[in-house]
Amino acid sequence: MTNSLKNRTALVVGASRGIGLAAARSLAAEGASVVLAARSTAPMDAAVAALRDEGCDAQAIALDVADYAGVAAAIGRLDRLDIVLNNAAVISPIGVMSDVDPAEWKQAVDINLTGAFNVLHASFKKLSESEAPTVINTSSGAASGFLEGWSAYCATKAGLAMLTRALAEEAGPEALRVYGFRPGVVDTEMQVAIRGSGINRVSQLPRESLLDPAIPGQAMAWLAAHRPTQWHGQEVDIRDPAFEQAAGIAAG
């Protein structure tokens, strides 16, 4: 474990598995106190126990990002907050717009976009008290390139990209560093659903071509630790050669 994030507290939302859990582990490895958040703490308990066994400061909290009052109450109970990683998202509904369930489409907006806003809004006061406040929103190539059957996911990720830009413009790099991070195509449970749908080219990718979640997790921890000004307010693609070199990762 290094100390690049010593004395900083990181809230990782959507940390029960996949990229979020990998990011929490990488942040903890850099010395941060990590707060893993998801709708249910049960899937996170083993990760928290393992991190504590390694000497890390970790806890899990129940958080439904679509419930602003609950989000504000949970974040209000934190002693401090320096890093917010917005990772909660759903891929559903998958299907052409004429066939999808409108209620499920709305739920995607509530989680992927409004949920991210809720977390940020509830975090502003505590972030303003930090000496190095940092926000990382998990973005996607879907934010700028439409994929068939993903109208909800693409629309919400595009909205999240603009939310990242808006926050960067309103706060300025001296007050807050904010990034939209595109992790590439990662071997997560979301990808299981995508492959099962058989819709669009992403569903056809062989599993062996997908990134291990640990790689984007490490990249996010690097962003939080180094807070590079050149990517403030930008969509950072893990496959960008300049980023790969700076972060010391190989995304392929």
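Structural remarks
- Looking across region 132-148, just one residue is over 14 Å from the mean Cα position of the chain (by Cα), more than 17 Å from Ala89 (Cα to Cα) and buried (at least 18 other Cβ atoms within 10 Å of the Cβ), and that is Pro133.
Conditions (1) closer than 20 Å to Leu21 by Cα; (2) surrounded by fewer than 17 Cβ atoms within 10 Å (Cβ to Cβ); (3) at pLDDT below 95, marked per residue:
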site: Trp150; (1), (2), (3): no, no, yes
site: Met162; (1), (2), (3): no, yes, no
site: Glu169; (1), (2), (3): no, yes, yes
site: Gly180; (1), (2), (3): yes, no, no
site: Gln204; (1), (2), (3): no, yes, yes
site: Leu211; (1), (2), (3): yes, no, yes
site: Pro216; (1), (2), (3): yes, no, no
site: Phe243; (1), (2), (3): no, no, no
site: Ala251; (1), (2), (3): yes, no, yes
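- Scan region 104-131 for residues that are among the β-branched types (Val, Ile, Thr) and surrounded by 21 or more Cβ atoms within 10 Å (Cβ to Cβ) and the total you get is 2.
- Entry remark, region 79-116: residues being of a type in the set (D, E, K, R) and on the phi > 0 side of the Ramachandran plot number 0 in total.
- Answer residue from region 1-13, given it is of a type outside the set (S, T, N, Q) and in contact with a helix residue (DSSP H, G or I) (Cβ under 9 Å, 6 or more places away or on another chain) and is surrounded by the most Cβ atoms within 10 Å (Cβ to Cβ) among those: Val12
- Conditions (1) touching a residue at least 40 places away in the same chain (Cβ under 8 Å); (2) farther than 21 Å from Ile238 by Cβ; (3) assigned to a loop (DSSP other than H, G, I, E, B); (4) touching a helix residue (DSSP H, G or I) at 6+ places or on another chain (Cβ under 6 Å); number of the one not met by Ser16: (1)
- Check on Ala88, assigned to a loop (DSSP other than H, G, I, E, B), within 18 Å of the chain's Cα centre (by Cα) and buried (at least 16 other Cβ atoms within 10 Å of the Cβ): yes
- Considering residues of region 50-75 that are in contact (Cβ under 8 Å) with a residue 12 or more places away in the chain and in a helix (DSSP H, G or I) only, the residue nearest to Thr9 (Cα to Cα): Ile75
- The lone exception for Ala47 - which of (1) surrounded by 15 or more Cβ atoms within 10 Å (Cβ to Cβ); (2) assigned to a loop (DSSP other than H, G, I, E, B); (3) out of contact with any Pro (no Cβ under 8 Å at 6 or more places or on another chain); (4) at negative phi it fails: (2)
- Qualifying residue in region 52-73 (condition: polar (S, T, N, Q), closer than 19 Å to Ala221 by Cβ and surrounded by fewer than 22 Cβ atoms within 10 Å (Cβ to Cβ)): yes
- Applying the set (1) in contact with a Phe, Trp or Tyr (Cβ under 8 Å, 6 or more places away or on another chain); (2) part of a loop (DSSP other than H, G, I, E, B); (3) of a type in the set (A, V, I, L, M) to Leu78 leaves exactly one unmet item: (1).
The values are calculated or read from the model by the stated rules, or taken from the named source; none is laboratory data. Since the model is a prediction, treat every value here as computed from it, not as a measurement. Please note: Cβ atoms are built from the backbone with ideal geometry, for glycine as well, and neighbour counts cover all protein chains shown.
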